[in-house]
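For reference, the structure is listed below as C-alpha cells.
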Amino acid sequence: MSEAIPKNAQAVIIGGGVMGCSVAYHLAKLGYTDVILLERKKLTSGTTWHAAGLVGQMRSSLNLTQMVKYSGNLYESLESETGMSTGYRRTGSVSLATNKERLTEFKRNASLAKVHDVDVQILTTEELKDKINLFNLDDVVGGAWIPKDGKADPANVAMALAKGAKNNGVKFFEDVKVTGILKDNGRVKGVQTEFGDIQSEVVVNCGGMWARDIGKMAGVSVPLHACEHFYFLTSSVPDLGDMPVVRVPDESAYYKEDAGKILVGLFEPNAKPWAQNGIHEDFCFDQIPDDLEHCMPYLELAMNRVPVMESLGIETFFNGPESFTPDDNFQIGESPELENFFVAAGFNSIGIQAAGGAGKYLAEWIVGREPPCDLWEVDIRRNEPFQNNKTYLANRVTETLGYLYENHFPYHQYETARNLRKTPLYKFFKDRGACFGEVSGWERANWFVPKEMLGKVKAEYQYSWGKQNWFEFQKLEQQSIRENVGMYEMSSYAKIRVKGSDAMDYLQLICANDVDVEVGKMVYTQWLNNKGGIEADVTVTRLGVDDYLIVSGAMCLNRDMNWLRKNMPKSANCSLFNATSAEGCIAVMGPNSRKLLQSLTDTDLSNENFPFASVRDIEIGMANVRAHRITYVGELGWELYFPTEFSIYVAELIDSVGDKFGLRYCGMHTVDSCRIEKAYRHFGHDITDEDHVIDAGLGFAVKLNKTPSRFGMFIGYDSVKDKKSSGAEKRIMQFLLHNSNLMLYHNEPIFKNGEIIGYLSSGSYGHTLGGAVGLGYVKCLPNEKDEDLLNAEYALEVEGVIEKVSVSLKPMYDPSNKKIRN
C-alpha cells in the first residue's frame, strides 16, 4: 500500500461500488472532505462492474422519482466536472404490454408520471413499430414510451464519482478489508481493518452483497441476499444504432444495445439465490457458472420477440450476482440498532438508476441528522430483525427478483417465506374462510369467504386492476361493521410499554397531545420532528400512574422504538419495551358491538359508564380482558386486549353468540376502506415525516397550552406554533368517484379547474358511500375558507381518463362522529 491509512476521519465508507462512490462524492460536496472509502478488493469489483446500467425516470413515489431523475442529470454532467465519461445517453425506453391488465398498469403509471413531471406516453402497436422495428409485436396490445430514459456505463459512472470525490479531498483505499466495527454505548466509533483501526463518528455501510455481513459486525440487521442474475449477448447486429431500452415484463426480459449487439437480461420468477453460506474470500470481478437449462425458456421467448436473434446466435452468456431485499425496496438510512451507522445497500438491480440520487439523499441525511424528505418505503427502519435470517432471505429472494417485472397489482402478497409469524388465532380465522396477507412477517386476515360459501370458493387472490374476486365479500364485511357488528384481529399492531416515574414527563416531550390524563384514558396523538412533520401516529393509554401503552402500526415498531430511544433524555427515569407479542387483540366494531359484548360481561358498557377513549378491565367469561373504547373504522366499538394464551378462548366465546347480533368476520381490507370513508389518516400514505401536522388536519390532536414536562415543551412545538399562526398551506380532501365501476388505490392525479395539483395518498372502495373513495392533499392559501377551497371543479385521472368526483373537507361518512360517541 503506497499511502498509510489515517487513524481518524469524519466518516468512513465501506464499499467501493457505485453506491459508496456516490456517498463519498456527495459528502464531499457538502463539506465532509475528511472522508475515507475502504474497498475490500478493487473499485466496482462486486456487482457494479456487470450491472446493466439502465437509468429510468419513474419510480413509485414522488421522492424516489426525484431521486432517479437526479441520477440521470448528474451522470450527464459528471464528464464536464471530472473529465471522465459516464457513457450516459438518453436513448428512451419502451415497455411492451401483451395483455390488457399490463396495459392498465402502464396507463396508471403514465397518469402518475404527469404528477412527477415525467413524460410517459401510451402508444398503440402501430406507433411502437416506429420505435423498435426489430421486435415482433404480433401479440402486443400497446406500450409505454419514456423519451428521457437512458443508460450508462456502470463502472465509468462509479469511477467518475470517485474522481469527483477525490478532487474534493476524499481518500480511497483499495485492498483493505473491514474486519470489525468499533462502537461504544450504542454509537459507532469507527472500524477495524487488517491495517489498524480508524476512529470515526460516522460509518456508512455500502457493502453491496456483503452489506448483511458488515451489518452483523455492528449488530445491525441489513436484510438482503444475492441472487444469480443472467444476461446474454448476441453477435453484432448490422445497422442496430442506439436503439431504445426495451422491456417486455410479461416475458421477464429487457433488451438494450451494447456495442452494436443486443443484450438481453432476465428478471425471471423462481430466481436462484446465491452464496447462502457466504461469498468466497477472493471474489473480485467474478462470474457464476451459467445455467442454460434455467434460462432456456426465456431465451426462446426472446428469439420469438426479436426474430433476427435466431440468425445472430448468442456470443456471450453471463451470470453474475446481485443483491435483493425482502420487499424489493432498497435499504437506506441510519440503523435503528446503532447510532451514526448508516446503510445504503440492497438496490434490487436498480443500483445505477438510484445511486446518484440515493448518495445525495444519504449524504444530506448524515450531515443534517435527519432524512431530507419522506423515504419511509426504503428506510432501513421498516425491517424486522427476523428478516435478516439467511434462510428466510434465500426463500424470499427467489420471488423478489422476478417481482420487479411482475404486474404490480394492488393488494399483491408475496408467496414465499410465509407462515413464519402467526398469532394463536391464525387457524381460528383460517377455518372460517380467511385469506391471509403479510405485513412485517405477520399473517393477517385480509378478507373472508362468507360462511355460506365455504368449501365452494377458495380463499385466494385473483389479482386485477379492477374489482378483484373478493370485492363482493368485502361489501358484506363493510355492511356488517356499518349496520350490525364486525370482528377483526389487531394482535400484529405494534405495542410499546413505557414505565417509570418519568414516563409521563417523557411522553409529554414526545407527544404533541396532552398525555397527562387520568388512569384509564386514551389519547390520540402524533410524534413530531422539529419541522412539525409527523414521525408517528399512535394512541397512548395511561394504564397506571407510571405506566403507558403505545399502539402503532405493525410496520412501525422499529421506527417508533428508535424514535423513543434517541429522544429519551439521559436523566429520564423510565424504560420502554416491545410488548407486541405479549398481548393479543380483537376488535369488535359496529352498532351491535355493545349489545354483543354486554351479553358476555357484567360490566356496564353504557356510554355513561364507559365513554369513548376510556379503558376498563372487564371479565368476558373466564377471561380477564382490558377493553379500550376506540375505533379506526368510524363505528361504536372496543379493542379487547388479553394475554396471548387467552386468544382462542376469547374468540370462540365471541363467536358463540355472534349469530344473535349479526356478527361477521372482517379483514384488513375492510378496515382500510372503512377508515378512508371516515377520512382517518394512515401513516406512510396520508401522513409522513414531511407532512406538517397542521396541514394534515390533525391540529385538534396538538395541545400547545399543555403543561410542559420537566424535559421541556414537546418536540415540534415551535413549528406548530408558527404554523397555527400563519395557517395551513395544504388540506386533506376526500374524493368520491361518480363512476362506481372504477377503483381507486392511491397515486391517481388530482385535477382542479383542469390543472394537476396533486395525487391521492390513499384509495379504496367505499361500499357505504357507493363508489371508490380516496384522500389527497390540495394546496390552499393560508386561512382560506372551506367554501372558497371547495368552489372549484375537481376531477381524478384514472387509467388515463378524467373522471368526475364529489369532494369534501369533512368526512363523508358520519362527519359529526355521532356513531362512535353514542
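The values are calculated or read from the model by the stated rules, or taken from the named source; none is laboratory data. Keep in mind the model is a prediction, meaning the values are calculated, not measured. A quick note on method: Cβ atoms are made from the backbone with ideal geometry, for glycine too, and the neighbour counts reach across all protein chains shown. Areas reflect the complete protein model, heavy atoms only, side chains present, ligands, DNA and RNA absent. Shrake-Rupley method; radii C 1.70, N 1.55, O 1.52, S 1.80 Å.
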**Item:** Selection from the stretch 377-418 of residues that are open to solvent by 30 Å² or more (accessible area, probe 1.4 Å), under 27 Å from T670 (Cβ atoms) and among the hydrophobic types (A, V, I, L, M, F, W, C)
**Value:** F409
**Filtered residue count, the stretch 121-138, keeping only those that are over 21 Å from E799 (Cβ atoms) and either under 32 Å from the mean Cα position of the chain (by Cα) or not in a helix (DSSP H, G or I) (or both)** = 9
**Request:** May I ask you to list pairs of residues, at least six apart or on different chains, whose Cβ atoms are under 6 Å apart, with the first in the stretch 551-574 being touching a residue at least 40 places away in the same chain (Cβ under 8 Å) and the second being basic (K, R) and outside any helix (DSSP H, G or I)?
**Result:** V551/K495
**Item:** Restricting the stretch 779-809 to residues that are more than 28 Å from the chain's Cα centre (by Cα) and of a type in the set (K, R), the residue that is farthest from E748 (Cα to Cα)
**Value:** K785
**Request:** Might you check whether a residue that is without any contact (Cβ under 8 Å) to a residue 60 or more places away in the chain, of a type outside the set (S, T, Y) and open to solvent by 10 Å² or more (accessible area, probe 1.4 Å) occurs anywhere in the stretch 519-536?
**Result:** yes
**Message:** Looking at the stretch 208-234 only, could you name the residues that are within 18 Å of E39 (Cβ to Cβ) and open to solvent by 10 Å² or more (accessible area, probe 1.4 Å)?
**Reply:** G208, M209, W210, R212, D213, I214, M217
**Request:** Check off (1) surrounded by fewer than 15 Cβ atoms within 10 Å (Cβ to Cβ); (2) over 17 Å from H50 (Cβ atoms); (3) more than 30 Å from the chain's Cα centre (by Cα) for N277 and give me the number that stays unchecked.
**Result:** (3)
**Request:** Mind listing just one residue for me: the one in the stretch 254-273 that is within 21 Å of D153 (Cα to Cα), in contact with a Leu (Cβ under 6 Å, 6 or more places away or on another chain) and not acidic (D, E) and, of those, most open to solvent (accessible area, probe 1.4 Å)?
**Result:** K261
**Complete:** So, first residue hydrophobic (A, V, I, L, M, F, W, C) in the stretch 592-612, second residue modelled with pLDDT under 95, Cβ within less than 8 Å, six or more apart or across chains; the pairs are F612/R821
**Prompt:** Does at least one position in the stretch 284-303 carry a residue that is open to solvent by 20 Å² or more (accessible area, probe 1.4 Å), under 22 Å from I132 (Cβ atoms) and either among the hydroxyl-bearing types (S, T, Y) or touching a Pro at 6+ places or on another chain (Cβ under 6 Å) (or both)?
**Reply:** yes
**Hits in the stretch 734-759 (condition: of a type outside the set (S, T, N, Q) and closer than 25 Å to E472 by Cβ)** = F735, L736, L737, H738, L742, M743, L744, Y745, H746, E748
**Asked** Could you count how many residues in the stretch 143-181 are part of a loop (DSSP other than H, G, I, E, B), over 30 Å from K216 (Cβ atoms) and either touching an Asp or Glu at 6+ places or on another chain (Cβ under 8 Å) or not charged (D, E, K, R) (or both)?
**Response** 5
**Message:** Condition first: buried (at least 16 other Cβ atoms within 10 Å of the Cβ), of a type outside the set (F, W, Y) and in contact with a helix residue (DSSP H, G or I) (Cβ under 6 Å, 6 or more places away or on another chain). Now tell me which residues in the stretch 795-822 satisfy that.
**Reply:** E797, E799, L809
**Answer from K566, K595, K570 - the residue that is farther than 22 Å from P643 by Cα, open to solvent by 20 Å² or more (accessible area, probe 1.4 Å) and within 25 Å of the chain's Cα centre (by Cα)** = K566
**Message:** All but one of (1) open to solvent by less than 30 Å² (accessible area, probe 1.4 Å); (2) in contact with an Asp or Glu (Cβ under 8 Å, 6 or more places away or on another chain); (3) closer than 28 Å to E472 by Cα hold for D686; state the number of the condition that does not hold.
**Reply:** (2)
**Request:** Kindly check whether there is at least one residue in the stretch 763-782 that is modelled with pLDDT under 95, touching a helix residue (DSSP H, G or I) at 6+ places or on another chain (Cβ under 7 Å) and open to solvent by 30 Å² or more (accessible area, probe 1.4 Å).
**Result:** yes
**Item:** Selection within the stretch 70-79 - under 11 Å from G164 (Cβ atoms) and free of Cβ contacts under 8 Å to residues at least 60 places away in the same chain
**Value:** S77
**Asked** Out of all the residues in the stretch 607-630, which are under 24 Å from C674 (Cβ atoms), polar (S, T, N, Q) and open to solvent by 20 Å² or more (accessible area, probe 1.4 Å)?
**Response** N607
**Asked** Checking V237 against (1) of a type in the set (V, I, T); (2) assigned to a loop (DSSP other than H, G, I, E, B); (3) buried (at least 21 other Cβ atoms within 10 Å of the Cβ), which test does it fail?
**Response** (3)
**Prompt:** Tally time: how many residues in the stretch 339-352 are under 15 Å from G215 (Cβ atoms) and crowded, with 19+ Cβ neighbours inside 10 Å?
**Reply:** 7
**Request:** Give the residues of the stretch 327-338 that are closer than 16 Å to V202 by Cβ and open to solvent by less than 10 Å² (accessible area, probe 1.4 Å), sorted by residue number.
**Result:** I332, G333, S335, L338
**Asked** Is there a residue in the stretch 23-39 that is touching a Pro at 6+ places or on another chain (Cβ under 7 Å) and not hydrophobic (A, V, I, L, M, F, W, C)?
**Response** no
**Request:** Report the residue count in the stretch 353-376 for those that are within 26 Å of L266 (Cβ to Cβ) and open to solvent by 10 Å² or more (accessible area, probe 1.4 Å).
**Result:** 1
**Complete:** Residue pairs qualifying under the 7 Å Cβ cut-off, at least six apart or on distinct chains, with the first in the stretch 129-153 being surrounded by fewer than 19 Cβ atoms within 10 Å (Cβ to Cβ) and the second being among the small types (G, A, S) and assigned to a strand (DSSP E or B), are V141/A97
**Request:** Would you please name the residue that is surrounded by the fewest Cβ atoms within 10 Å (Cβ to Cβ), looking only at residues in the stretch 1-19 that are in contact with a Ser or Thr (Cβ under 9 Å, 6 or more places away or on another chain) and outside any strand (DSSP E or B)?
**Result:** I5
**Prompt:** What number goes with the only condition from (1) farther than 19 Å from F577 by Cβ; (2) surrounded by fewer than 23 Cβ atoms within 10 Å (Cβ to Cβ) that E489 does not pass?
**Reply:** (2)
**K467 within 19 Å of Q413 (Cα to Cα), without any contact (Cβ under 8 Å) to a residue 24 or more places away in the chain and surrounded by fewer than 17 Cβ atoms within 10 Å (Cβ to Cβ)** = no
**Message:** Out of everything in the stretch 699-737 that is hydroxyl-bearing (S, T, Y) and at pLDDT 95 or above, what residue ends up being least open to solvent (accessible area, probe 1.4 Å)?
**Reply:** S719
**Asked** Residues of the stretch 307-334 being in a loop (DSSP other than H, G, I, E, B) and either more than 16 Å from the chain's Cα centre (by Cα) or at pLDDT below 95 (or both), which ones?
**Response** P307, V308, G313
